[in-house]
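The structure appears right after this line, and notes come after that.
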Amino acid sequence: MASKTLKQMAFGLAMAKVATAAPASRQQAVPDFTTSEAGNPIIEGWYADPDNEYYNGEYWIFPTYSDDYEKQTHMDAFSSADLVNWTKHPNVLTADNVKWAHKAMWAPAPISRNGKYYLYFGANDILEDEIAQGLIGGIGVAVADKPEGPYIDAIGSPLIGDFHNGAQPIDQDVFIDDDGQAYIYYGGHSHANVAKLNEDMISLGTFDDGTTFKEITPDNYVEGSQMIKRDGVYYFMWSEGGWTGPDYSVSYAMSDNPIGPFNIKARILQQDAAVARGSGHNGVIHVPDTDIYYMTYHRRPLSETDGNHRATCYDRMYFEEDGSIRAIEMLVKDNFADGKMIAWKTSGTAEWKVEDQKLVGSGDGWAILDTNFVDLSFDATVSSPDFDKAAPALVFRGSSLQLGDDSSFYWAELHSDSVQIGITTAGTRSMLAEGPGAYEAGKDYHVRVTAVGGDLKVFVDDMNAAVVEVTDDTLSSGTDGVSVVGGGLAKFDDISVGKP
């Protein structure tokens, strides 16, 4: 495997340039990734319902702060010039600046117009019987002079504060068409509406027939409206299933008109039992002047049981020749380019940190991903300043790795003169097979482990010839990660775990 310097060079060559007419200081490389290759989740903390805009050469994510309703009284935003390194902007909108909001501020939708920045949001989780009792809630709109705010309530009351066509006023998305007409798409309780926004972006217009709201509810709609336009086609997306359940997912429909009718196509994002559950409520990032799109969304890590523990991620969207969207695959990668190890848990006595865009472990212990693969192909770059003092290892099909003596997993280790594959059960290590090798201190090696049923193989640099292989079906599935064995120091990079 190439060194980090060569990898960075290759990465730079793979990134095209945009805005070639702009000054050199404004030109940026195009983020052409297959997923968030510096790891999912992309931001630290529990955040959900992401929506996106591109402001002044930066990508912005506005998510829900995911906590108990009564604690969701502020919103943070995140910006990035490269979709790798994210800057947090705390408290861009708070309940202090929205006097009618007293709980459950969520699902922000950003957009800019006429030099102003607007943020649409749901508040108070209002129900029909509560409205009848005179309580206030619904979709509000706040305005700011900068993307990072502070955003201030623009009208002092909800923009949409009633149920129309059965749609709860929540989960809005705002879209400005090529002709300048703005639309707001929204709805919960299994009903979706669209309405026009006036030029001022803080009042509603009417359609040609004099109505304000048109119902556009597709089959199985629950919430989470999202609209994009590509090559003259309007893509309406929504979330299905229960937001705390594993069946939460994203589907889409297509139309040649922003208000439909919409031709329902397919479900394109759903849980993967090997990666995460409850994947839904999406936004879309479009890299300017390209056909590169990413779906931002939230999902729940496999080991999490709290319904509010949702994490913001992104994966690549691909369009077929007929304009349809290919089903999105949640990929597991981490090249540590962001200098963080957000998705990782650690245990044992080893100390772990990211240094020079590599995961560095010293001591004895694990760094583990919250995954549950059955058959898998697991790649990593590994190195050690002394293979006799620290054997870098890939571990897979693991369980109870936080409990030490109860741990069970397969491991593939590099030593100075061999490659070993083995199994630990109930904390007891056993080598299953050993292959020859000669590994130099400080040099990077590309290691791949494949596990298909009981067929276990380890490759080093040459991915066409296994160095060692064995048949063992003791462990059938489990979590994956890396470990340091021997008390020394080892480094890991370019992590990728997927189905073979």
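The values are calculated or read from the model by the stated rules, or taken from the named source; none is laboratory data. All of these numbers come straight from a predicted model, not from anything done at the bench. Cβ atoms come from the backbone with ideal geometry, glycine included; neighbour counts cover every protein chain shown. Surface accessibility is based on the protein's heavy atoms, side chains included, excluding ligands, DNA and RNA. Shrake-Rupley method; radii C 1.70, N 1.55, O 1.52, S 1.80 Å.
Below, the figures for the structure above:
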| quantity | calculated |
| --- | --- |
| Difference of contour (0.36 nm per residue) and Cα-Cα distance, residue 265 to residue 440 | 57.7 nm |
| Kirkwood-Stokes translational diffusion coefficient of the stretch 275-350, alpha-carbon pairs, 37 °C, 0.692 mPa s, µm²/s | 224 µm²/s |
| Residues of the chain: accessible area per residue with a 1.4 Å probe, Å² | 40 Å² |
| Distance violations [Cα-Cα > 21 Å] among 99/214; 443/491; 340/457; 345/457; 196/229; 71/345 | 99/214; 340/457; 345/457; 71/345 |
| The stretch 111-203: equivalent-ellipsoid semi-axes (sqrt of 5 x gyration tensor eigenvalues, Cα, Å) | 23, 16, 10 |
| Model label zone, residue 388; criterion: amide N under 19 Å from point 7 Å along Cα-to-beta-carbon; scope the stretch 414-456 | 414-420, 436-443 |
| Under the Debye formula (equal points on every Cα, no solvent term), log10 I(q)/I(0) of the stretch 299-433 at q = 0.11, 0.13, 0.17 Å⁻¹ | -0.51, -0.69, -1.09 |
| For the stretch 451-461, Karplus couplings with θ = phi - 60° (6.51, -1.76, 1.60), whole Hz, Gly/Pro x | 9, 10, x, x, 8, 10, 9, 10, 10, 10, 6 |
| Reciprocal of mean inverse Cα separation for the stretch 419-500 (Kirkwood radius, Å) | 14.2 Å |
| Residue 366 long-range amide H proximity, modeled H, under 5 Å | 347, 348, 350 |
| Ordering of 385-398, 314-327, 103-116 by burial proxy (mean other Cβ atoms within 10 Å per residue, highest first) | 385-398, 103-116, 314-327 |
| ³J(HN,Hα) computed for each position of the stretch 328-335 - Karplus, 6.51 cos²θ - 1.76 cosθ + 1.60, integer Hz, glycine/proline x | 7, 9, 7, 8, 10, 9, 7, 9 |
| Two-decimal Rg to Rh for the stretch 234-274 - Kirkwood Rh, Cα set | 1.09 |
| q = 0.08, 0.11, 0.19 Å⁻¹: log10 I(q)/I(0) that the Debye formula gives for the stretch 189-338, counting C-alpha atoms only | -0.26, -0.48, -1.21 |
| Rg(Cα) / (2.2 N^0.38 Å) computed for the chain, rounded to two decimals | 1.06 |
| Test item: Cα-centred dipole of the chain, Lys/Arg +1 and Asp/Glu -1 on Cβ, debye | 660 debye |
| Accessible area of the chain belonging to carbon and sulfur atoms, whole % at 1.4 Å probe | 47 percent |
| Modelled FRET efficiency - R0 45 Å, residue 455 with residue 353, Cβ distances, 0.05 increments | 0.80 |
| Approximate spin-label separation residue 303-residue 133, in nm, with each point projected 7 Å along Cα-to-Cβ | 4.1 nm |
| Intensity falloff of the stretch 194-274 expressed as log10 I(q)/I(0), Debye formula with alpha-carbon point scatterers, at q = 0.12 Å⁻¹ | -0.43 |
| Inter-part distance where the stretch 174-198 and the stretch 84-127 are each reduced to a Cα centre, Å | 17 Å |
| Whole-Å distance, taken between Cα centres, linking the stretch 371-390 and the stretch 293-342 | 23 Å |
| Cross-link partners of residue 146 among lysines (Cα-Cα below 17 Å; sequence separation of 8 or more within a chain) | 88, 116 |
| Helix axis angle, 4-14 relative to the chain longest principal axis, alpha carbon, degrees | 40 degrees |
| 14 Å beta-carbon shell around residue 42, net charge (K/R +1, D/E -1) | -1 |
| Residue-wise HN-Hα coupling along the stretch 87-93, computed from phi with Karplus coefficients 6.51, -1.76, 1.60 (Hz; x: Gly, Pro) | 9, 7, 10, x, 6, 5, 9 |
